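Have a look at the structure below, then the notes.
The values are calculated or read from the model by the stated rules, or taken from the named source; none is laboratory data. This is a predicted model, so every value here is computed, not measured. For neighbour counting, all protein chains shown are included, and Cβ atoms are generated from backbone atoms with ideal geometry for every residue, glycine included. We work out accessible area using only protein heavy atoms, side chains counted, and drop any ligands, DNA or RNA first. Shrake-Rupley method; radii C 1.70, N 1.55, O 1.52, S 1.80 Å.
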Amino acid sequence: MRLSRYFLPVLKEEPKEAQIVSHRLMLRSGMIRQQAAGIYSWLPLGNKILKRIEQIVHEEQQRAGHIPLLMPTLQPADLWRESGRYDAYGEEMLRITDRNKREMLYGPTNEEMITDIFRSYVSSYKSLPLTLYHIQWKFRDEMRPRFGVMRGREFLMKDGYNFDLTKEDALHAYNRHLVSYLRTYERMGLQAIPMRADGGPIGGDYTHEFLVLAETGESEVFYDSEITDLKFGNRQIDYDSVEQCEGVLQEFTSRYARTDETHDEAIFAEVPEDRRRSARGIEVGQIFYFGTKYSEAMGANVVNDKGERVPAHMGSHGIGVSRLLGAIIEANHDDKGIIWPEGVTPFHVGIVNLKQGDASTDSASEALYTELKAAGLDPLYDDRDERAGAKFATIDLIGLPWRITVGPRGLAENKVELTNRRSGESVEMSPAEAVQRLKAVYQPVFDAAYKG
């Protein structure tokens, strides 16, 4: 990608309508454009990051043995009447009547539709366990959409649904999802804490929200500070192992961590005073076990090993894919702009040519661009005829974690400058050394990808 040929409509002025950092920086960096209240077009840079995040979610779902499909955005109202949620869901649901007077809705979630698919094809316990998921645009008609993609009306979401024969099997699916979510968020450079939550309109007594701590979070949270020391890391988990998945759940949920909806002062008081914390959090995902709520209402039954027809035990599990962009920015920025973690950055490195039109810097920059691409990296080459300060400001604003600066003075000694966006540290080295250094930096990112 050469910046002179890329569509990157950067704003120089602070957008007045933006109330929080992520909204402001997404508008300024040319990632999104508002088309209506809570509805955005995703411009090339924003779309590129969205696809990075989506890919990580896909990989971790499939690592856990979950199977992707794709359901439609419009759903027949009759399915929701079967479950009893059509009238109960409230005004956030966008209800539609088509030309044949059939009542439809723009799906805010897919419990009913996936249950209908399941009951149409699965009749025996021998087909279980089964977890299906998709990543799809959804719509909830928020009364007051705000904070950009953090509380929009249209949003991209991963929602998955497990079907199991027994409660015990379904709780293993719940634990399996918790493990996969911990891996997912850490690959994005986030610490998302699982917190006891409320089931809301989806229902269920077993539910945890995953929250990223941030001053702009909408939820008030209470937690034991020990939980912030926990890391999933690169440990290998057998997702079929009930013991291993249960062990991870106990490790990450045994300490106090709750949203304000489920906060219990008496239990919180048992946490040592020096470890009690309250903060704000951004919800980026939630997992539910709700038993036979939908399968009983909609007749999603299977024959067990005794020949009895029993309702399947179910759960649903969501990740806010588009919301994650805002959460990552809220947790990773400074006064210059965004600082993307290496796992989700739109481009791995920015190349800044300090003297565009100079034969030596042009040649060296082009060679670097080619070598980085050959090494499997995705560079952005700022080849515009702009002053150096403007080029640096653009690379800093859009948040690329690394920058290579190519100038005639350094090239006279076969040197370029490699700068780390987060630390600000710059080191002079040869172009070949810079390529090797970046390959080493990103190798763990590439190694983390699921290729099964």
TODO: Identify, from the list Glu366, Glu371, Glu386, Glu342, the residue that is open to solvent by 20 Å² or more (accessible area, probe 1.4 Å) and closer than 19 Å to Asn47 by Cα.
DONE: Glu342
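Report yes if Tyr206 is modelled with pLDDT of 95 or more, hydroxyl-bearing (Ser, Thr, Tyr) and on the phi < 0 side of the Ramachandran plot, otherwise no.
Judged against the criteria, Tyr206 is not a match.
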- [ ] Would you please name the residue that is most open to solvent (accessible area, probe 1.4 Å), looking only at residues in region 173-203 that are modelled with pLDDT under 95 and of a type in the set (D, E, K, R)?
- [x] Arg196
- [ ] Go through Glu308, Glu265 for me and flag whichever is more than 29 Å from Ser83 (Cα to Cα), at pLDDT 95 or above and either open to solvent by 50 Å² or more (accessible area, probe 1.4 Å) or out of contact with any strand residue (DSSP E or B) (no Cβ under 8 Å at 6 or more places or on another chain) (or both).
- [x] Glu265
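Of all residues being outside any helix (DSSP H, G or I) and small (Gly, Ala, Ser) in region 392-407, which is nearest to Leu438 (Cα to Cα)? Just the residue, please.
Top of the filtered list is Gly399.
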Open item on the list: Name the single residue that is nearest to the chain's Cα centre (by Cα) among those in region 138-165 being among the aromatic types (Phe, Trp, Tyr) and under 17 Å from Arg33 (Cα atoms).
Closed with: Phe155
Open item on the list: Please pick out the residue among Val242, Val221, Val212 that is surrounded by 14 or more Cβ atoms within 10 Å (Cβ to Cβ), in contact with a helix residue (DSSP H, G or I) (Cβ under 8 Å, 6 or more places away or on another chain), within 22 Å of Met157 (Cβ to Cβ) and of a type outside the set (Gly, Ala, Ser).
Closed with: Val212
Task: Among residues of region 2-46, those that are in a loop (DSSP other than H, G, I, E, B), surrounded by 14 or more Cβ atoms within 10 Å (Cβ to Cβ), of a type outside the set (S, T, N, Q) and on the phi < 0 side of the Ramachandran plot, counted - done: 8
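Taking Pro129, is it open to solvent by 40 Å² or more (accessible area, probe 1.4 Å), of a type outside the set (Gly, Ala, Ser) and either at negative phi or touching an Asp or Glu at 6+ places or on another chain (Cβ under 8 Å) (or both)?
Considered against the rule, which asks whether it is open to solvent by 40 Å² or more (accessible area, probe 1.4 Å), of a type outside the set (Gly, Ala, Ser) and either at negative phi or touching an Asp or Glu at 6+ places or on another chain (Cβ under 8 Å) (or both), Pro129 comes out as yes.
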Open item on the list: Just to be sure before I move on: is Lys101 among the charged types (D, E, K, R), within 16 Å of the chain's Cα centre (by Cα) and modelled with pLDDT of 95 or more in the structure I sent?
Closed with: no
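A quick yes/no check of all residues on (1) touching a His at 6+ places or on another chain (Cβ under 7 Å); (2) open to solvent by less than 10 Å² (accessible area, probe 1.4 Å); (3) closer than 24 Å to Tyr239 by Cα:
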site: Thr109; (1), (2), (3): no, yes, no
site: Asp116; (1), (2), (3): no, no, no
site: Tyr121; (1), (2), (3): no, no, no
site: Tyr125; (1), (2), (3): no, no, yes
site: Arg144; (1), (2), (3): no, no, no
site: Gly148; (1), (2), (3): yes, yes, no
site: Tyr161; (1), (2), (3): no, yes, yes
site: Glu168; (1), (2), (3): no, no, yes
site: Leu171; (1), (2), (3): no, no, yes
- [ ] Hand me the list of strands (runs of 3 or more DSSP E) wholly inside region 173-255 holding 3 or more residues that are over 19 Å from the mean Cα position of the chain (by Cα) and over 21 Å from Ile319 (Cα atoms).
- [x] 219-224
Open item on the list: Being assigned to a helix (DSSP H, G or I) and open to solvent by 60 Å² or more (accessible area, probe 1.4 Å) is the filter here; which residues of region 150-159 pass it?
Closed with: none
TODO: Hey, can you tell me all the residues within region 437-452 that are surrounded by 11 or more Cβ atoms within 10 Å (Cβ to Cβ) and more than 28 Å from Ala393 (Cβ to Cβ)?
DONE: Gln443, Pro444, Phe446, Ala448, Ala449, Tyr450
Open item on the list: Given (1) assigned to a loop (DSSP other than H, G, I, E, B); (2) open to solvent by less than 40 Å² (accessible area, probe 1.4 Å), identify the lone condition not met by Gln286.
Closed with: (1)
